[in-house]
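Some notes on the structure that comes next.
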Amino acid sequence: MRRAESPQRVEAQCLYLMSQDRPAVAKWLVNLSLGTKLSWFVALIVVAVVTSVAYLEIRSFEQHIEGDLEDSARLGAQSAADALSQRSPPFDPQDIRDTLHDFVAADPMIDAVSVIEADRSERVHVFTSTSTEERAEVMDLGARAIAAKTAQHYRSATAITVALPVARWPSYAVAVTVGLDSLLQTRAHALRVTLGFVVPTIVFVTVLVHLTVRRVLGRPLGAILRTMQETRAGNLTSRTAMDRHDELGTIAGGLNEMLDQLERFNHSLQGRVDEATRDLSLRNAQLAASQGELLALRESLGRAERVAALGQVAANVAHQAGTPLNLVSGYIQMIRDDPGTDERTRSKLRTVDEQIQAVTRVLRTMLDHARHPSESRVVSLADIITRVGDVALPTLTRHQVRLEVSAAGDLPPIKADATQLEMALLNLVTNALDAMPGGGTLSIAAKGHADGLRIEITDTGSGIPATVIDRLFEPWVTTKPVGHGSGLGLAIVRDVVRAQGGSISASNRAIGAVFVIDLPAADAGRSAC
């Protein structure tokens, strides 16, 4: 016959098998969708809660039944002991057995009643009993009750026995045995009822949660992913139709807004390229019709000047649009690198990031002849600085740069183009980030003074080289390597600040550099006019 394995050995084997299957299980979990994972998680919670409640209810019911059985045994023993104490020796075993049978018949819970007698040598034997065979534990329990002169009880897996000494006759004790068959039947019935309730409940709740998650979370995410796929295929007119006011609605709205901007920018670039093509065709026709070396030379010089002007404008556009696109790319990379993002979403985010990089490359090759006129209005400088900090924070954090923003609460409003001013501040933040490749601290502070407001952007980078600090805001002046900067960023910042009626300056500190922007307050601007 095969020997049964110990529980410790079985547990060790289970742990070993689980450790062998862990990579496959982990891979299976990773491949599940977010909605399926959430459904499984809720199902496990339901299993744990329902099972715990059912166990506690069954245990409480068993304890109640067990208490009733023990009370029945104690009352039966007390009644039999009282009946025996009212008799006088010599006792007739047959007569007492008939009385004990009456007690058994009166209480169906009682299985057997025995009278235990101790002789003068303190040996115990069964005087009489309703049972044909007596167990050793009943004899021992009666002996202990006679010796201690107090009630004794004993519980086995199948019965509860209570022994009580007879008050008038200390050499006698009554032992009443109550079977636990009713308790075992109740337990089995409760298990069947529980299984019949728990399994349908778990299935129902799991299906309900899965359908709810699929409707609330799966469909919106599917719509967003379809829009991203269509955009990847080149359809910039694709939009996510979602009327929600939660986080998914915000993401869908942000995606639609970004696609709107890309589509408008694409149309604008295409129109300007067509205009430039027509203009060049006209110029070429004029050059073909021109005669003489002097006219040809003048036309060549004019063409060179136009090309230079177009190159500067194209660089301006690439620099202006490249900054927000790079920040959007930073947000996408942050979401992609989040451990909670599944692999399928990471793949889609990589596709969006590749498309943004493609747009950035296109921007660097397109021509833009005109700049949009400034739309000045009264705005809050504190709100602009807060937005700039929120937009730049993910990129700064990824490069281990700590951002400190402080803006006085009583700053007066200014009259400015908020979009242009945000772009100018983002240009300065980008330059500060380039000056701190190993990380550092970037501070943006705003405060009021007698003539208006002052913004100070301070970094802990390498500072500004003395050879370019006097020409820092001139076009094409840069300290960056070839291919990493056009030298137009600070020139654009200077033009934007001047367009708002302000001024900008830069200087070195003991560690790093500081850029100071002075802007007039809105009231001061109106009085000056």
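Spot the failing condition for GLY487; the list is (1) more than 30 Å from PRO413 (Cβ to Cβ); (2) modelled with pLDDT of 80 or more, and only one is missed.
(2)
Just wondering, is there one or more residues in the range 373-392 that are in a loop (DSSP other than H, G, I, E, B), acidic (Asp, Glu) and either crowded, with 18+ Cβ neighbours inside 10 Å or at pLDDT below 80 (or both)?
Pass one, the range 373-392, residues in a loop (DSSP other than H, G, I, E, B): 373-376, 380.
Narrowing the set further to residues that are acidic (Asp, Glu) leaves 375.
With the extra rule that they be either crowded, with 18+ Cβ neighbours inside 10 Å or at pLDDT below 80 (or both), the set shrinks to 375.
Yes, some residue in the range 373-392 is in a loop (DSSP other than H, G, I, E, B), acidic (Asp, Glu) and either crowded, with 18+ Cβ neighbours inside 10 Å or at pLDDT below 80 (or both).
Report whether or not VAL166 is within 52 Å of the chain's Cα centre (by Cα), assigned by TED's automatic domain parsing to the domain that holds GLN78 and not aromatic (Phe, Trp, Tyr).
Numbers: within 52 Å of the chain's Cα centre (by Cα): no; assigned by TED's automatic domain parsing to the domain that holds GLN78: yes; not aromatic (Phe, Trp, Tyr): yes.
No: the conditions fail for VAL166.
Looking at ILE464, ILE457, which is the one that is of a type in the set (A, V, I, L, M), closer than 30 Å to VAL378 by Cβ and modelled with pLDDT of 80 or more?
Working: ILE464 fails: closer than 30 Å to VAL378 by Cβ.
That would be ILE457, the only listed residue that is of a type in the set (A, V, I, L, M), closer than 30 Å to VAL378 by Cβ and modelled with pLDDT of 80 or more.
So, in the range 506-518, exactly how many residues are farther than 17 Å from ALA418 by Cα and surrounded by 13 or more Cβ atoms within 10 Å (Cβ to Cβ)?
Taking the range 506-518 and keeping what is farther than 17 Å from ALA418 by Cα, we get 506-516.
Still in the running and surrounded by 13 or more Cβ atoms within 10 Å (Cβ to Cβ): 506, 508, 511-516.
Number satisfying all stated conditions: 8.
Checking LEU221 against (1) surrounded by 15 or more Cβ atoms within 10 Å (Cβ to Cβ); (2) without any contact (Cβ under 8 Å) to a residue 24 or more places away in the chain; (3) not acidic (Asp, Glu), only one condition comes out false. Which one?
(2)
Each row is one residue, and each column tells you yes or no for (1) touching a residue at least 24 places away in the same chain (Cβ under 8 Å); (2) surrounded by 17 or more Cβ atoms within 10 Å (Cβ to Cβ); (3) touching a strand residue (DSSP E or B) at 6+ places or on another chain (Cβ under 7 Å).
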position: GLN78; (1), (2), (3): yes, no, yes
position: ASP82; (1), (2), (3): yes, no, no
position: SER85; (1), (2), (3): yes, no, no
position: SER88; (1), (2), (3): no, no, no
position: ASP95; (1), (2), (3): no, no, no
position: ASP98; (1), (2), (3): no, no, no
position: PHE103; (1), (2), (3): yes, yes, yes
position: GLU117; (1), (2), (3): yes, yes, yes
position: PHE127; (1), (2), (3): yes, yes, yes
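Residue by residue, here is whether (1) in a helix (DSSP H, G or I); (2) hydroxyl-bearing (Ser, Thr, Tyr); (3) surrounded by 17 or more Cβ atoms within 10 Å (Cβ to Cβ); (4) at pLDDT 80 or above holds:
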position: MET228; (1), (2), (3), (4): yes, no, yes, yes
position: LEU236; (1), (2), (3), (4): no, no, yes, no
position: LEU248; (1), (2), (3), (4): yes, no, yes, no
position: GLN261; (1), (2), (3), (4): yes, no, no, yes
position: SER268; (1), (2), (3), (4): yes, yes, no, yes
position: VAL273; (1), (2), (3), (4): yes, no, no, yes
position: ALA285; (1), (2), (3), (4): yes, no, no, no
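Please determine, by comparing only the residues of the range 105-115 that are touching a strand residue (DSSP E or B) at 6+ places or on another chain (Cβ under 7 Å) and at pLDDT 80 or above, which one is surrounded by the fewest Cβ atoms within 10 Å (Cβ to Cβ). Quick ask: steps written out before the conclusion?
Going residue by residue through the range 105-115, those that are touching a strand residue (DSSP E or B) at 6+ places or on another chain (Cβ under 7 Å) are 109-115.
Narrowing further to those that are at pLDDT 80 or above: 110-115.
Details: ILE110: 23, ASP111: 19, ALA112: 21, VAL113: 27, SER114: 27, VAL115: 25.
Here the answer is ASP111.
Say we look at the range 135-167 and pick out the residues that are of a type in the set (Lys, Arg) and touching a strand residue (DSSP E or B) at 6+ places or on another chain (Cβ under 6 Å); which of these is surrounded by the most Cβ atoms within 10 Å (Cβ to Cβ)? It would help to see each step written out before you state the result.
From the range 135-167, those of a type in the set (Lys, Arg) are 135, 144, 149, 155; that's our starting set.
Next cut, touching a strand residue (DSSP E or B) at 6+ places or on another chain (Cβ under 6 Å) only: 144, 149.
On the way: ARG144: 16, LYS149: 10.
Of everything passing the filter in the range 135-167, ARG144 is surrounded by the most Cβ atoms within 10 Å (Cβ to Cβ).
Within the range 140-224, considering only strands (runs of 3 or more DSSP E) that don't extend past its boundaries, which have at least 2 residues that are at pLDDT 75 or above and among the β-branched types (Val, Ile, Thr)? Give the steps one after another, and end with the answer.
Numbers: elements: 152-155, 159-165, 172-179.
Filter on the range 140-224 gives 159-165, 172-179.
The values are calculated or read from the model by the stated rules, or taken from the named source; none is laboratory data. Quick caveat, the model's predicted, so the values are computed rather than measured. Backbone-built Cβ (ideal geometry, glycine too); neighbour counts: all protein chains shown.
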